[in-house]
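Q: Take a look at the following structure, please.
The values are calculated or read from the model by the stated rules, or taken from the named source; none is laboratory data. The shown structure was predicted, so the numbers you read here are calculated from the model rather than taken from an experiment. Every residue, glycine among them, receives a Cβ derived from its backbone with ideal geometry; neighbour counts consider all protein chains shown.
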Amino acid sequence: MICAVSPSTIGERIRDKVAASRKRGMWMGGVVPLGYEVRDRKLAINDVEAATVRMIFERFVAVGSATALARSLIAEGVRSRRGRPIDKGFLYKLLSNRIYIGDTVHKGTAYMPHTTQWNIGLGVAVTGIVGLASWWMLVRRPRPARR
């Protein structure tokens, strides 16, 4: 007898496998964030790019404006991995990417290594480039009222 598996069951199994792999910190493809490189299917810190990422986070907290920061980075010749000037859109993506504090996110679910449950159950999967304190200063900073 041949066992038939429906396409929806196959899709569900694949989604579950990808989610489990992401939860363990395995890189499942896509654009690798600035500051990281893929080694053995896991993200590892690229020291040269990580210094740039830390500098961007620190300067954004100090300046508070993506437009001003983008202008100064362009003037200084800071570029992305692909050699393009760093613009406002790139900055917003970089600053809002939770991978920089070590979180892995899959389909809206965050797997956080800095929580007790994560450390006991699975171990740290992705090393963060930016400290949690720096991240919270960025997220919690007061924003000016819109005009």
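Q: Which of the residues spanning the stretch 28-63 are modelled with pLDDT under 90, of a type in the set (Asp, Glu) and surrounded by 15 or more Cβ atoms within 10 Å (Cβ to Cβ)?
A: Within the stretch 28-63, no residue meets the criteria.
Q: Please count how many residues of the stretch 30-41 are more than 19 Å from Gly77 (Cα to Cα), under 13 Å from the mean Cα position of the chain (by Cα) and not β-branched (Val, Ile, Thr).
A: Here the count works out to 4.
Q: Can you tell me which residues in the stretch 38-84 are out of contact with any Pro (no Cβ under 9 Å at 6 or more places or on another chain), under 18 Å from Ser96 (Cα atoms) and of a type in the set (Gly, Ala, Ser)?
A: Ala50, Ala51, Ala62, Ser65, Ala66, Ala68, Ser80
Q: Within the stretch 67-82, track down each residue that is touching a residue at least 12 places away in the same chain (Cβ under 8 Å), surrounded by fewer than 18 Cβ atoms within 10 Å (Cβ to Cβ) and either out of contact with any Asp or Glu (no Cβ under 9 Å at 6 or more places or on another chain) or within 21 Å of Thr127 (Cα to Cα) (or both).
A: Listed by number, the residues that qualify are Thr67, Ser72, Val78, Ser80, Arg81.
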